[in-house]
1. Taking the criterion of being in contact with a Pro (Cβ under 9 Å, 6 or more places away or on another chain), at pLDDT 95 or above and outside the structural domain of Gly9 (by TED's automatic domain parsing), would at least one residue in region 193-203 satisfy it?
2. Mind listing just one residue for me: the one in region 112-126 that is farther than 18 Å from Lys27 by Cα and touching a Phe, Trp or Tyr at 6+ places or on another chain (Cβ under 6 Å) and, of those, surrounded by the most Cβ atoms within 10 Å (Cβ to Cβ)?
3. Residue check: is Leu41 surrounded by 24 or more Cβ atoms within 10 Å (Cβ to Cβ) and part of a loop (DSSP other than H, G, I, E, B)?
4. Going through Ser157, Ser100 one at a time, which residue ends up being under 27 Å from Val269 (Cα atoms), of a type in the set (Ser, Thr, Tyr) and either modelled with pLDDT under 95 or surrounded by fewer than 21 Cβ atoms within 10 Å (Cβ to Cβ) (or both)?
5. Return the pair list, or none, for Cβ contacts closer than 7 Å from residues in region 45-59 that are outside the structural domain of His262 (by TED's automatic domain parsing) and closer than 26 Å to Ser182 by Cβ to residues that are among the charged types (D, E, K, R) and within 6 Å of the ligand (Cβ to nearest atom), at least 6 apart or on different chains.
6. I need the full set of residues from region 155-207 which are under 30 Å from Val129 (Cα atoms) and within 21 Å of the chain's Cα centre (by Cα), in order please.
7. Tell me which residues, restricted to region 7-28, are part of a strand (DSSP E or B) and either within 19 Å of the chain's Cα centre (by Cα) or modelled with pLDDT under 95 (or both).
Amino acid sequence: MAEKIGIIGAGMAGITAARKLTDAGHKITVFEKSGGTGGRLSTRRTDYGNFDHGAQYITARSAPFRAMMTGLSNAGAVALWEPVGKTSDNEWHVGTPGMSGLVKPLLIGFEVKKRTRIVDITRKDDEIVCTDEDGNADRFDRVIVATPSPQAYTLLSPVDPVFGVLNTIVYMPCWTSMFAFSEPIETLPDHYRGAHTESLSWLARNSSKPQSIGIETLCAQAGAQWSKDNLEMDKAQALAAMKDALETMADQTLKPIYAEAHRWRYALVDKPFGTAYLASHDQRLFAIGDGMLGGRVEAAFESARQLCDHLRREIS
Ligand SMILES: Cc1cc2nc3c(=O)[nH]c(=O)nc-3n(C[C@H](O)[C@H](O)[C@H](O)COP(=O)(O)OP(=O)(O)OC[C@H]3O[C@@H](n4cnc5c(N)ncnc54)[C@H](O)[C@@H]3O)c2cc1C
């Protein structure tokens with residue numbers, strides 16, 4: 001029987017669930033608080049090129065996720081990234097153009113209400129009501145919350161105590177910086193991975209990714225512990241600290257033509273739940289996302305995939 005299902009969050013988990021449940025014949029509405037889709041599969045578009053300032057690349061280990069990557073690659077939304085100095089044997093998949101482009105072929109046949117933050121979920125009669133911050137209410141047979149777990153906890157734990165355990169899931173923050181330069185910075189590598197205590201723990205030459213427009217662009221991430229210790233730091237100060245670290249690595253003074261910082265409060269999962277999804281006793285409310293299985297795009301996909309398999313059996 002076709003049902004009306006609401007999904008909160010348009011990241012990999014929410015979009016995967018929307019795609020699979022639409023294909024199964026259900027009527028899906030996705031609510032997304034930001035103006036775009038992809039969640040932490042995120043691309044900042046500027047006059048100086050695109051910056052993947054969230055997830056950097058994707059590895060696909062399971063057969064279902066590899067099949068998804070193949071489909072997206074055939075649709076022109078995924079390519080392989082081969083940075084100079086790559087030592088891993090795993091394929092590094094990236095979205096084209098940019099990481100946020102990766103989910104675009106999946107957005108067919110269901111509604112995505114962007115710039116719509118859900119602030120309240122309640123049970124009314126036999127339905128679940130989602131209310132946004134402007135007071136608009138939509139009614140559904142079932143609702144899936146596909147946000148980082150602390151945000152899911154806020155929405156779901158007042159409705160059903162089973163979701164109280166969501167607050168045991170731990171995320172670490174990440175300060176990220178984006179730089180563009182008029183000349184290549186030859187002394188910096190295409191990518192670098194370092195210690196999580198430092199203000200520079202990951203570096204990617206964005207312009208070495210497929211479909212770059214040729215301007216030298218870099219994304220640098222501070223380590224998780226450094227980001228946590230400096231979570232409330234002023235944005236300009238955080239940017240200055242990350243630029244200092246980059247100059248030390250480059251062994252020269254850097255004069256970017258564009259520089260910006262972004263703070264991800266919930267970036268990478270430090271302590272996942274360990275089960276793919278969480279369900280209310282009446283099987284009408286669900287929590288999915290990377291907090292359930294681990295801080296990777298594939299884990300967010302797998303969480304949604306397993307819930308959809310469960311719903312296929314549940315809804316008959
Ligand atoms: C800096 C950084 C680097 C990373 N690097 C990698 C990497 O290299 N490889 C990798 O595999 N993973 C990486 N990750 C992790 C990866 O991005 C995530 O694991 C994955 O994208 C999570 O997907 P998700 O759907 O669970 O959540 P999200 O992508 O966070 O999606 C949740 C969505 O819910 C929306 N939302 C939240 N609350 C509400 C609300 N109340 N109403 C409506 N909408 C709401 C949010 O705006 C968001 O769009 C990285 C993450 C960060 C931040």
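1. Yes; the residues of region 193-203 include at least one that is in contact with a Pro (Cβ under 9 Å, 6 or more places away or on another chain), at pLDDT 95 or above and outside the structural domain of Gly9 (by TED's automatic domain parsing).
2. Ile118
3. So Leu41 passes the test.
4. Ser157
5. Gly54/Arg40
6. Result: Leu155, Leu156, Leu166, Asn167, Thr168, Ile169, Val170, Tyr171.
7. Within region 7-28, Ile7, Ile8, Gly11 meet the criteria.
Every residue, every condition in (1) near the ligand (Cβ under 7 Å from one of its atoms); (2) of a type in the set (D, E, K, R), yes or no:
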residue	(1), (2)
Ile5	no, no
Ile8	yes, no
Ala13	yes, no
Asp23	no, yes
Ser34	yes, no
Thr37	no, no
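The values are calculated or read from the model by the stated rules, or taken from the named source; none is laboratory data. In this text the structure is predicted, and so the values were computed from the model without any measurement. Neighbour counts run over all protein chains shown; Cβ positions are idealised from the backbone, glycine included.
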